[in-house]
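*Asks:* I have a structure I would like to understand better, so I am pasting it below and will then ask my questions one at a time.
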Amino acid sequence: MTFTIPEELAAQLVRRVSAQERSRYVSEAIANKLLERQARLIRACDVANRDADVLAIEQEWDALRDKADPVEETWDIAPSR
C-alpha cells in the first residue's frame, strides 16, 4: 500500500517517531481514527433512529413495499454479532 502525506507531517513523523516504530505508530493511528469514525456513525444512527420524523418516513417507505414480493432488509437477515 502506498500513500502520500503532507511534507510537514512526514517531517514531524520522522523527527518524533523512530524508524523502528513508524509502521506500528501509523497503523495504530489509522486504527484509532477508524474506531472514532465508526463511533460517530453509530451515534448518528442512534440519533436518527430516535427521530420521530425519520420514523415516520421509514413507516411510509415500509407501506410502499410490495407485500406479494417482499424484499428482506439486510439487517433482518444478517447474523447477530
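*Asks:* Give segment 17-30 a look and list any residue that's part of a helix (DSSP H, G or I) and surrounded by 10 or more Cβ atoms within 10 Å (Cβ to Cβ), or say none. Show your work before the answer.
*Replies:* Residues of segment 17-30 part of a helix (DSSP H, G or I): 19-30.
Those that are part of a helix (DSSP H, G or I) and surrounded by 10 or more Cβ atoms within 10 Å (Cβ to Cβ): E21, R22, S23, R24, Y25, V26, S27, E28, A29, I30.
*Asks:* What pairs can you find where one residue is in segment 53-73 and at negative phi and assigned to a helix (DSSP H, G or I), the other is surrounded by 10 or more Cβ atoms within 10 Å (Cβ to Cβ) and at pLDDT 85 or above, and their Cβ atoms are less than 7 Å apart, with a gap of 6+ or different chains?
*Replies:* Qualifying pairs under 7 Å: V54/A48.
The values are calculated or read from the model by the stated rules, or taken from the named source; none is laboratory data. Keep in mind the model is a prediction, meaning the values are calculated, not measured. Virtual Cβ from ideal backbone geometry, glycine too; neighbours counted across all protein chains shown.
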